[in-house]
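See structure below.
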Amino acid sequence: MEIAIALLGAACAVFLAGSGSAIGVAKAGMAASGLLSEKPEKFGETFLLVVLPGTQGFYGFAVGFMTVLKLKVLTGNPVSISLAQGLQFFAACLPIAIAGLISAIHQGKVCASGIGVVAKQEGKFGLAIIYGILVETYALISFVISILIVLSLKV
């Protein structure tokens, strides 16, 4: 039961951050598809803006994977942990799970708007991507905190 709570945290990190990324990438991808129908030469610029919201899914996966490795679940002989430790692992996964979900969705919206800028103004890609990167900052902070907590937990 205790390890199930820890694994639920890992699953939340992967599922929620990944879901946010899927939504964010879809929003930016729809904007890019519309632009590419008229200006296919803009693929390179729009590709980066579409991919950017997908990073949160990778962050969530990394935290979930680190949790599974630390618990030695893949060896077939998982560690025995207390309820308190299970809750600690669950809590460690929450920063990237929640911030990953929310930031990826909003980053997708920002990147979709950036694609609008790329469509209308030549040479403004750098300005468009900066706003998307600003949203990424909060996903990175959450990712680092989740990793630091997972690594600090004793099993």
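Taken together, the values in this text are just the output of simple stated rules run on the coordinates, not laboratory data. Keep in mind that what you see is a predicted model, and the values were worked out from it rather than measured. With ideal geometry, Cβ positions are generated from the backbone for all residues, glycine too; neighbour counts draw on all protein chains shown.
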Taking Cα centroids, how far is region 65-136 from region 1-37 in Å?
8
Below 8 Å, C-alpha to C-alpha, sequence gap of six or more: please give me the relative contact order for region 1-56 in percent.
45
To the nearest 20 debye, what is the magnitude of the charge dipole of the chain about its Cα centre, counting +1 on the Cβ of each Lys and Arg and -1 on the Cβ of each Asp and Glu?
120
Candidate values (1) 1.66; (2) 1.22; (3) 0.93, label of the one derived for Cα Rg over 2.2 N^0.38 Å:
(2)
Counting only GluC sites (Glu not before Pro) that are in a DSSP loop and have at most 11 other C-beta atoms within 10 Å, tell me the longest site-free stretch of the chain.
39-121
